[in-house]
Every structure is written in C-alpha cells, then in structure tokens.
Amino acid sequence: FPVPPKMPSPLTARGPRAGEGFTVSINKAINAQEVAVKEKHRFLDRPPPCILGTHHEKGAQTFWSVVNRLPLSGNAVLCWKFCHVFHKLLRDGHSNVLKDSVRYKNELSDMSRMWGHLSEGYGQLCSIYLKLLRTKMEFHTKNPRFPGNLQMSDRQLDEAGENDVNNFFQLTVEMFDYLECELNLFQTVFSSLDMSRSVSVTATGQCRLAPLIQVILDCSHLYDYTVKLLFKLHSCLPADTLQGHRDRFLEQFRKLKELFYRSSNLQYFKRLIQIPQLPENPPNFLRASALSEHISPVVVIPAEASSPDSEPITDLVEMDTASQSLFDNKFDDIFGSSFSSDPFNFNSQNGMNKDDK
C-alpha cells in the first residue's frame, strides 16, 4: 500500500492551525497542577513546543494573548509555572520575545508585590521569581549584545564593553545585580523544601525545583563573565577602587558554590543536567596570572533526557525507622540540619495550610 504523506504537526503547520497548536502547548505547560512543567523529551533538533512556537511566529504575541487570560493573581502555582515558561522563552525563544514582553514589566512588578504579602507556600517564590524576570528583561534591554541565554564568546564580551573601562565597571555592577536575583530565587526554593526527605522525587518537589535548571544555566554564565570582567578591571584600575567589587563577588561566589553543590546531590537534577562545581577557592584578582587558572563552568544538558515528571515514580515507599535515620544522618553530614528544623508542609498552597482552607 502507498505510504500516506506525513501530516504537519500543529506547530510546523502554517496559518491558523499553527497558532492553535502554539496556544494549546502554552495552556498545557501553564496549569494549576502542582507538578513540574512537562518536557517529554529533549532533542537537539526538536526544541520544546512553546519555544518552537515563538520562532515560528517570530515573537511572543500568542504567548501573551494566552497568558493575559490566565488568573495569575489568583493561583500561585499557576503563576509559578508561568514564570518558569516565560523564563525559558526569554532564554531560548525568538529574540523578539523580549521586545514583545517589555510592555508587561509593570504588571509583573505589581504581581510580585501582591504575592510578596504571602509568607508561605508559593507566594514568596512567585514574588522573587517575578523580580528576577523583570531584572532579566531590564538587563537584556540595556545590554542588547547579550542574548537571552547569555552565551557569548570572550570576543563578544569584550565588544559589549566597547573597550571602555567605565562601561566594564558598570556592566559588572549590573551582572552582580542580575546574579543576586538568581541566587535569591535559588536560596528561596531550597529553604521552602523539607530537605530531610527525598523531596526531589515527589511531584510537588519537582514543581519547585524544575525552574532552577534555567537559573543554573544563567548563573554559570554570569559567574564566568564577572570573573573575566574583574580581571580586566584590575588590569586598568587601582585595587582599592575595586574593593567593593571584590567583596560582592566573594559573597556571591560562596553562595553559588554551595547552591551548585546542593543541587548536584539531588536526584531530580542528576537525571536532567550535569551541574559544574566551582573551585575550592575564589580567583585572586590581585594576581593577573590567575586568570589563566580560571576554568569556565560548563552546564551539560544531555541531548536526550526524559523528564522525571513524565515517568512513574517508583521509589516513594516509606522507609523503615532505621533506614530513615541513616538517610537523615547522611544528609545532615552533607548539608547540616537547618533544613529539617522546619519541615515544609506540602499541602500548603497559595500561602494557606490545609487546616486554613
């Protein structure tokens, strides 16, 4: 029998059907279910549908037309997943996504303040994530040479400063601000989880952890560029002038090193991403030759990796008392016991405990 021609998928088709497919993919990704945003499989030649949709329409008009109909101010989980998808589009979507999204900066700020009034559940998470997204938009608007995914060569980084030490000085400050927002989200997610449990294999845990993949990707580049820019600045300016820069870098270095280490020990990330480890000691910017010792951290995402949220979870059986104690002791040896002192209630949502509903 003759083989029928392969029908185009909604996202590869042209015309109204393409737009419908893009809309469906957005609604599937952004929903109120407390599970991670699904990415069935990753292929180098097959970007996720939402990202692919922005490239087909060369912008984010459809994305925002769908988002504007969602009750983001009424459901924190929905808002959290919107932030995750929007972050991915800013990183890997069409370059016009930023241009189409800048007009919504004030709305994101208003929503951030609103969710910031909730001290529990996803409220604080949404508030901090929205601040990060606004900061990301502002940085890339002010520095259009930087693509959304922050991937640049050393030559492009030099060109971004236009060979002006004042530009490099200001660019480093802006990168510090950018990285600070990323680290705030990183830390807030970890502090919201009960790390004394195997949280990364639960659907609720993965819902909170999934966006950190984008954060890890951003942080690895921002850290690398600040190191290179600080060495460049120290070759042009007196060391005393850059004391504030060094102090701020050292603080961020310690936070990022710890967060990368914690992330690399979680089962969820082990299946999706290879997280680099920062060196034992920070770079010595007062010694110019130390630049040659700097190794750019590289985050590796497998060409094909299934997302845990699309697979059955088989390792959630209760551990007996002895096994649980052994697991807790092992975890405390690595991370300390501070996280287990205030276990997170996974029934909490939108800032309310189950008993409050």
Tell me the label-point distance for the pair Val35, Leu250, using the 7 Å Cα-to-Cβ offset, in nm and rounded to one decimal. 4.8 nm
Taking a crude spin-label model, label points 7 Å out from Cα along the C-beta direction, the Ser153 to Gln170 distance in nm is 2.7 nm
Sorted by chain and then number, the residues having a modelled amide H within less than 5 Å of the amide H of Gly121, at least 5 places away or on another chain, are Gly351
Residues in region 182-196 near a label at Ser119, defined as backbone nitrogen under 19 Å from the 7 Å Cα→Cβ point? 188-194
Read phi for every residue in region 114-123 and hand back ³J(HN,Hα) as whole Hz from Karplus 6.51 cos²θ - 1.76 cosθ + 1.60, θ = phi - 60°, with x for Gly and Pro. 5, 5, x, 6, 9, 8, 10, x, 7, x
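Read-outs: derived from the displayed coordinates by stated rules, not from any lab. What you are looking at is a predicted structure, and each value in this text was computed from that prediction instead of being measured. Please note: Cβ atoms are built from the backbone with ideal geometry, for glycine as well, and neighbour counts cover all protein chains shown.
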